[in-house]
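The values are calculated or read from the model by the stated rules, or taken from the named source; none is laboratory data. Predicted, not measured: the structure shown is a model, and the values here were computed from it. Because the Cβ atoms are built from the backbone with ideal geometry, glycine has one as well, and the counts that use them run over all protein chains shown.
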Amino acid sequence: DAKTTQPTSMDCAEGRAANLPCNHSTISGNEYVYWYRQIHSQGPQYIIHGLKNNETNEMASLIITEDRKSSTLILPHATLRDTAVYYCIAKIGTNTGKLIFGQGTTLQVKP
Amino acid sequence: DSGVTQTPKHLITATGQRVTLRCSPRSGDLSVYWYQQSLDQGLQFLIHYYNGEERAKGNILERFSAQQFPDLHSELNLSSLELGDSALYFCASSGRDPSYEQYFGPGTRLTVT
């Protein structure tokens, strides 16, 4: 699985959009980009995934650059409950196998 | 609530002891994954079972073993415990392929004293 690089931490004002970047410059054509988050010490939670098209669901939007070397997770209206560690993971195919978690980005949403 | 249950929630034991962590996957999910989260190592994949068979192994110590039973629940056995085994242990499950999500349980916090 391709290595991903994320900023260690970010702040966001409550109600504003949170844009979390992820670099995955060595991603291969059959690797998807997945985002999970972990709130405090709870179990990680799936957010969204994509291959090359932009994706949106009820939680977030995922923007993947045309060359697929980077992506951005967007939380459109961040709330205090979105404070968490966000993990960007590149993984082959749709077959769920092991997830390789990096250090992630700690997002602090402030009032 | 992800539908994945783990017991116990907390476990405190002494070095050298053996413990068993239990995981019940979401109804119908065939895959069970175990992950360890310690302060210095982050979240690490340990092992994956699919319908009772071992599918993949990660950085799992020889002192650790797991199995998945016919009813699909799984157990992670940790023996000869060391202080460094203190961590959060998460179980996750997923359904038949293709399946994009892994659903994580609330974890078991193991403290070795």
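Quick notes on this one:
- Residue among A:S25, A:S71, A:S61 that alone is away from chain B (no Cβ under 14 Å) and surrounded by 21 or more Cβ atoms within 10 Å (Cβ to Cβ): A:S71
- When each of B:R26, B:R96 is tested for being among the charged types (D, E, K, R), in contact with a Ser or Thr (Cβ under 7 Å, 6 or more places away or on another chain) and part of a loop (DSSP other than H, G, I, E, B), the lone residue that passes is B:R26.
- B:L76 satisfies every condition listed in (1) within 30 Å of A:N30 (Cα to Cα); (2) crowded, with 20+ Cβ neighbours inside 10 Å except (1).
- If you go through the range A:1-47 and keep only what is touching a helix residue (DSSP H, G or I) at 6+ places or on another chain (Cβ under 9 Å) and under 24 Å from B:G105 (Cβ atoms), you end up with A:R37, A:I39.
- Candidate set from the range A:28-41 (those that are at pLDDT 95 or above and surrounded by fewer than 22 Cβ atoms within 10 Å (Cβ to Cβ)); member that is nearest to the other protein chains (Cβ to nearest Cβ): A:Q38
- Residues in the range B:35-59 that are more than 10 Å from chain A (Cβ to nearest Cβ) and outside any loop (DSSP other than H, G, I, E, B) were compared, and the one that is farthest from B:D85 (Cα to Cα) is B:E53.
- Hey, A:G50 touching a residue at least 24 places away in the same chain (Cβ under 8 Å), under 11 Å from the mean Cα position of the chain (by Cα) and within 13 Å of chain B (Cβ to nearest Cβ) or not: no
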